[in-house]
Amino acid sequence: MALFANFQQSWTISALSLSSAPSSTAADPFALVFADVREGRLKPVLHGTFPLDEAAAAHTLLESRAAFGKIVLIV
């Protein structure tokens, strides 16, 4: 559908929101997610990494909406 063509790059699926959960409740799901990352079952999608002194270039890339995945600044 043409209506959705402009939004295709900005779709996000969010599955974890613990902002209102007590900290004792939040610890278990986070531990499970990090275990999955550590064991390779869950892999974050990275577009690229930038050294901190190239933060302006990273921001320009974000604004262009050309990135697919996360952009990481290396400190």
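The residue of the range 44-75 that is least open to solvent (accessible area, probe 1.4 Å), among those that are closer than 25 Å to residue 34 by Cβ and touching a Phe, Trp or Tyr at 6+ places or on another chain (Cβ under 9 Å), is 58.
When you scan the range 48-68, do you find a residue that is assigned to a helix (DSSP H, G or I), among the charged types (D, E, K, R) and modelled with pLDDT under 90, even just one? No, the range 48-68 contains no residue that is assigned to a helix (DSSP H, G or I), among the charged types (D, E, K, R) and modelled with pLDDT under 90.
The values are calculated or read from the model by the stated rules, or taken from the named source; none is laboratory data. Note that the structure is predicted; figures quoted are calculated from it, not measured. Every residue, glycine among them, receives a Cβ derived from its backbone with ideal geometry; neighbour counts consider all protein chains shown. The accessibility values were calculated without ligands, DNA or RNA, using every heavy atom of the protein model including side chains. Shrake-Rupley method; radii C 1.70, N 1.55, O 1.52, S 1.80 Å.
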